[in-house]
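Below you'll find the structure, written out as structure tokens, and then a few comments.
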Amino acid sequence: MLKVSNLVAGIEESTILNGIDLEVNAGEVHAIMGPNGSGKSTLASVIAGKEEYEVTSGKMELLGEDLEGLSPEERAHMGVFLSFQYPVEIPGVTVTNFMRTALNETRKARGLEEMPANEMLKLIREKAELLEIDRKFLSRSLNEGFSGGEKKRNEIFQMAMMEPKLAILDETDSGLDIDALRIVAEGVNKLRSKDNAIIVITHYQRLLDYIVPDYVHVLHQGKIVKSGTKELALELEDKGYDWLKQKTTV
Amino acid sequence: MDLKEKIVSSFLAFEDSVDLDSSVHELRSEAIKKFEDHGFPTKKEEAWKYTSLNALQKVDFSLFPKEGALDYKEVKSYFLHEIDSYKIVFIDGVYSSYLSETTHEGMDICLMSAALTKPTYKAVIDNYFNKAVKDDSMTHLNTAFSKEGAYIYIPKGKAPHKPIQIMHFSTGSEAAQMLQPRNLIVLEEGAEAQIIERHQNLTKNEVFTNVVTEIFVAERANLDYYKVQNDRDNASLVDNTYIDQKSNSVASVHTFSFGGKLVRNNLNFYQDGSRIDSVLKGITLLGEKQHVDHYTLVHHAQPNCESHQDYKGIYADHSTGVFNGKIIVDQIAQKTNAFQQNNNILISDKATVNTKPQLEIFADDVRCSHGCTIGQLDEDALFYLQSRGVPKKEATALLMYAFANNVLESVRLDALKNRINGIIADKLGVELGFDV
């Protein structure tokens, strides 16, 4: 699905990612953990194509296709989805209208007809139910005045609508209480399939109790310093990150 | 001969063409003297620091153009034709009865030329004509040549059950032309009206419009006024609007500035009563070398009143914008709430905007807030939308909508709201496929 090799990237003069190697196959869930400032969110943004980051060397491939030079929307059309840590408020554009635009633009790019309005509405309702989203919520302006939990739930709702091949969830657990976390995680679990892959970026083990990863990677100073199975996350919970940091400095 | 000389020397011929016995004859004579003394405003005046009328004065404008002819289907698209409305339509400054739909049933929605000459209207003209204006050179110029325009009189407690559209078309039947429409709108106690005003050039010949609109909003009356400015790049407009409000009245003016070569909006509110609400809103979306200057004044002259100003500007290419918002709170006007907001986005390095709040507060128990911002498009927001598959151009357009949205929210005519959305989408070169 996703193959990242020796990825070096940064912003202006400073390098943030120092040679990342990561391979994610269809049907897998990978967790990327690490202390603040280790480059977790940068990695997510670079995969999604944020223009302010510059890739200086290395390669990213999605389903065998090179991502280099592709705009964020082109990557989205290929099946990349990034759930934001801080979703942006767009007053005056309802959740429904935004999803209609996003989905139809994606269909257009894939050479498909626009989805008929009634079909779209049906799909929206179906996915809203999956995430236990109230219908009233769908006619509110996108993210405007949403609570932290509503914003994150809305991100996963959008993920459900877009049906991505590769979903990257950036700190989806931050700012959520335990009930909201459970609903969001259950939503994500319902979207797991053998045909897609999910990268969960998180600081804490907590989310991984609900979204159980196949692999866990620890990012430190822009490098993956340790990879393992879900037990690694528990170990990190116990020991913190310091023991890994020391290892890298030695 | 420059434009001022041409104007002044043509005044006698103009006076000959109108009724010398008219009660406004004296007003016209005084006004031309004042204009002659002062001339066109220059950039040396603080109020005109950012807008120059010099280039316009070099154009050989025809002052009394011949009327052109138009078919409704040629101009239908400029009307809000989806809904029923009264229409007061002028072609090259001359009333077009063919395109208009006026009324005298229970109210007068008709012509200034009739109001200025027929005895039935004399009392209203004597009471209101030229009573709200300020000592202003462009206004004097208009007064001197005041002859035609819209005349709207809504008696106590009445409301036309449909909006009123005031349309001015230029067909450039001669060469470049100068137009000076004069509108008078009177809402008596508890009356209501929704009015849309638009000036539209249809040809390649240059147009310079200097319009004056006086509006009187009596006790408990309610006025919504919409100015749609989306003219060609050879059309310039100086709009002088004066609104005089009495107690418990609400008046709102929305100004949508999307086009034209040079536009200057002098919007003046005078609050002559208590518990008045004045609303001034605007969306400015410019490109190329367009220039729009919003010069607003809200004068709080009595206690317990409110004013709300919210202007949003988006500037592309080499366009320039100005917002000067003046608020005067007299010493007697305690408990005034005056809000002013002007936010701008520059989407080109070459675009400029000058924004300036001007507060003159003489009362001590007031709430006045003002804020202005000039910024760029939020890159994070753009990335967010793009990451959901929305192409950059459409994503940019969505963010513009979001930015200007709260100004559109207060538009109470859905057909107009949709039209404005359509114009915005068109300007941004996108199709969004839904009404925002």
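The values are calculated or read from the model by the stated rules, or taken from the named source; none is laboratory data. In this text the structure is predicted, and so the values were computed from the model without any measurement. Neighbour counts are summed over all protein chains in view; Cβ atoms, including those assigned to glycine, are modelled from backbone coordinates with ideal geometry.
Among the residues of region A:170-185, which ones are more than 16 Å from the chain's Cα centre (by Cα) and not in a loop (DSSP other than H, G, I, E, B)?
A:ILE178, A:ASP179, A:ALA180, A:ARG182, A:ILE183
Which residues, taken from region A:199-248, are in a strand (DSSP E or B) and more than 24 Å from A:ILE156 (Cβ to Cβ)?
Correct list: A:VAL218, A:HIS220, A:LYS223, A:ILE224, A:VAL225, A:LYS226, A:SER227, A:GLY228.
Residue-wise test of (1) at pLDDT below 95; (2) within 14 Å of another protein chain (Cβ to nearest Cβ); (3) in a loop (DSSP other than H, G, I, E, B).
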{"residue": "B:HIS318", "(1), (2), (3)": "no, no, yes"}
{"residue": "B:GLY325", "(1), (2), (3)": "no, no, no"}
{"residue": "B:ASN354", "(1), (2), (3)": "no, no, no"}
{"residue": "B:HIS370", "(1), (2), (3)": "yes, no, no"}
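Does at least one position in region B:395-414 carry a residue that is at pLDDT 90 or above, assigned to a helix (DSSP H, G or I), within 12 Å of another protein chain (Cβ to nearest Cβ) and more than 33 Å from the chain's Cα centre (by Cα)?
Among the residues of region B:395-414, not one is at pLDDT 90 or above, assigned to a helix (DSSP H, G or I), within 12 Å of another protein chain (Cβ to nearest Cβ) and more than 33 Å from the chain's Cα centre (by Cα), which makes the answer no.
Specify which of the listed residues (A:GLU68, A:GLU61) is assigned to a strand (DSSP E or B), more than 8 Å from chain B (Cβ to nearest Cβ) and over 16 Å from the mean Cα position of the chain (by Cα).
A:GLU61
For the list (1) over 26 Å from the mean Cα position of the chain (by Cα); (2) of a type in the set (A, V, I, L, M, F, W, C); (3) at the interface with chain A (Cβ under 8 Å from one of its Cβ atoms); (4) farther than 24 Å from A:GLU114 by Cα, I need the number of the one condition that B:LEU385 fails.
The one condition B:LEU385 does not meet is (4).
Taking B:SER307 and the conditions (1) in the same structural domain as B:VAL211 (by TED's automatic domain parsing); (2) assigned to a strand (DSSP E or B), which numbered condition does it fall short on, given that it satisfies the others?
Unmet for B:SER307, out of (1) in the same structural domain as B:VAL211 (by TED's automatic domain parsing); (2) assigned to a strand (DSSP E or B): (1).
Check off (1) within 16 Å of A:LEU62 (Cα to Cα); (2) surrounded by fewer than 21 Cβ atoms within 10 Å (Cβ to Cβ); (3) among the polar types (S, T, N, Q) for A:SER14 and give me the number that stays unchecked.
Single failed check for A:SER14: (1).
Answer yes if at least one residue in region B:28-36 is assigned to a loop (DSSP other than H, G, I, E, B) and over 25 Å from B:ILE215 (Cα atoms), and no otherwise.
No, that holds for no residue.
Taking region B:247-299 only, how many residues are under 20 Å from B:LEU202 (Cα atoms), not in a strand (DSSP E or B) and not aromatic (Phe, Trp, Tyr)?
So the answer is 7.
Which residue, of A:SER5, A:SER38, is among the polar types (S, T, N, Q), part of a loop (DSSP other than H, G, I, E, B) and away from chain B (no Cβ under 14 Å)?
Selected residue: A:SER38, the only one of A:SER5, A:SER38 that is among the polar types (S, T, N, Q), part of a loop (DSSP other than H, G, I, E, B) and away from chain B (no Cβ under 14 Å).
When B:ILE423 is evaluated against the numbered criteria (1) out of contact with any helix residue (DSSP H, G or I) (no Cβ under 6 Å at 6 or more places or on another chain); (2) within 11 Å of chain A (Cβ to nearest Cβ), which criterion, by number, is the only one it fails?
It is condition (2) that B:ILE423 fails.
Of the conditions (1) more than 14 Å from chain B (Cβ to nearest Cβ); (2) not in a loop (DSSP other than H, G, I, E, B), A:ALA167 satisfies every one except a single condition; which number is it?
Failed condition: (1).
Does A:MET115 meet the test of being outside any strand (DSSP E or B), in contact with a Lys or Arg (Cβ under 7 Å, 6 or more places away or on another chain), of a type in the set (A, V, I, L, M) and within 12 Å of chain B (Cβ to nearest Cβ)?
Against the criterion (outside any strand (DSSP E or B), in contact with a Lys or Arg (Cβ under 7 Å, 6 or more places away or on another chain), of a type in the set (A, V, I, L, M) and within 12 Å of chain B (Cβ to nearest Cβ)), A:MET115 qualifies.
Residue-by-condition table, conditions (1) hydroxyl-bearing (Ser, Thr, Tyr); (2) within 15 Å of the chain's Cα centre (by Cα); (3) under 22 Å from B:ILE215 (Cα atoms); (4) not assigned by TED's automatic domain parsing to the domain that holds B:LEU56:
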site	(1), (2), (3), (4)
B:LYS289	no, no, no, yes
B:HIS299	no, no, yes, yes
B:ILE328	no, no, yes, yes
B:ASN344	no, no, no, yes
B:THR352	yes, no, no, yes
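What is the one condition in (1) closer than 25 Å to B:PHE258 by Cβ; (2) more than 14 Å from chain A (Cβ to nearest Cβ); (3) surrounded by fewer than 16 Cβ atoms within 10 Å (Cβ to Cβ) that B:GLU360 does not satisfy?
Evaluating B:GLU360 over (1) closer than 25 Å to B:PHE258 by Cβ; (2) more than 14 Å from chain A (Cβ to nearest Cβ); (3) surrounded by fewer than 16 Cβ atoms within 10 Å (Cβ to Cβ) leaves (1) as the failure.
Find all pairs meeting these conditions: Cβ atoms under 6 angstrom apart; at least six residues apart or on different chains; first residue within region B:37-56 and more than 15 Å from B:LYS6 (Cα to Cα); second residue among the hydrophobic types (A, V, I, L, M, F, W, C).
B:PRO41/B:TRP48; B:TYR50/B:VAL322; B:LEU53/B:PHE40
Restricting the search to region B:40-58, which residues are in contact with a helix residue (DSSP H, G or I) (Cβ under 9 Å, 6 or more places away or on another chain), surrounded by 16 or more Cβ atoms within 10 Å (Cβ to Cβ) and in a loop (DSSP other than H, G, I, E, B)?
Correct list: B:PHE40, B:PRO41, B:LEU53.
Out of region A:88-112, which residues are facing chain B (nearest Cβ under 7 Å) and either in contact with a strand residue (DSSP E or B) (Cβ under 7 Å, 6 or more places away or on another chain) or not in a helix (DSSP H, G or I) (or both)?
Those that are facing chain B (nearest Cβ under 7 Å) and either in contact with a strand residue (DSSP E or B) (Cβ under 7 Å, 6 or more places away or on another chain) or not in a helix (DSSP H, G or I) (or both): A:VAL88, A:ILE90, A:PRO91, A:GLY92, A:VAL93.
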